[in-house]
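The values are calculated or read from the model by the stated rules, or taken from the named source; none is laboratory data. Predicted model only: the values in this text are computed from it and were never measured. With ideal geometry, Cβ positions are generated from the backbone for all residues, glycine too; neighbour counts draw on all protein chains shown. To get the accessible areas, we keep the full protein, side chains included, count just its heavy atoms, and leave off ligands, DNA and RNA. Shrake-Rupley method; radii C 1.70, N 1.55, O 1.52, S 1.80 Å.
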Amino acid sequence: MLFDGALVPRIFFHLREGENILLDDEGVVMDAAAVPEKALRTARDIVAHDAREGRINLGCSLEIRDEAGVAVHTLRFEDAVEIRR
């Protein structure tokens, strides 16, 4: 997709838990520079939802890939939050 004359890629946010992966079939068209912040917000949203359900799985991660399937960013949920006791 072109935006102001520049090609803006479709980015896919896949959710991994161990060997299992939930594929993002739709993706989102966005500037690649915005991927880390979007990944952080997405991971925190999932952790917040899980907390409301009474469980948090910090063993998950987001694997972010472009349209060609090339990994552009990875974020482990344990790196998305700070745990304090």
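Under Stokes-Einstein, with the Kirkwood radius over Cα pairs as Rh, the value for the chain at 4 °C and 1.567 mPa s is 95 µm²/s. Solvent-accessible area of I21, all protein chains in place: 70 Å² (probe radius 1.4 Å, heavy atoms, ligands and nucleic acids excluded).
For the stretch 1-65, applying the loop criterion from DSSP together with a ceiling of 10 other beta carbons within 10 Å to the trypsin sites (Lys or Arg not before Pro) yields R55.
In the chain, the longest principal axis of the Cα atoms and the axis of helix 35-52 are about 30 degrees apart. The helix-only estimate of mean residue ellipticity at 222 nm for the chain, built from DSSP H runs of length n ≥ 4 each weighted as -39500 (n - 2.57), is -7000 deg cm²/dmol after division by the residue total. Taking L15, L62, L23 as the candidate residues, the one with maximal mean-square fluctuation in a Gaussian network model of the chain, Cα springs under 10 Å, is L23. Exposure check, 1.4 Å probe, all protein chains in place: V47 carries approximately 20 Å² of accessible surface.
Computed from backbone phi, the HN-Hα couplings of the stretch 16-27 come to 10, 10, x, 8, 8, 9, 9, 7, 8, 7, 8, x Hz, rounded to whole numbers (Karplus: 6.51 cos²θ - 1.76 cosθ + 1.60, θ = phi - 60°; Gly and Pro given as x).
Placing dummy labels 7 Å off each Cα toward the beta-carbon, the span from D25 to V8 is 2.5 nm. Largest GNM mean-square fluctuation among A32, A68, A48, using the chain with Cα springs under 10 Å: A68.
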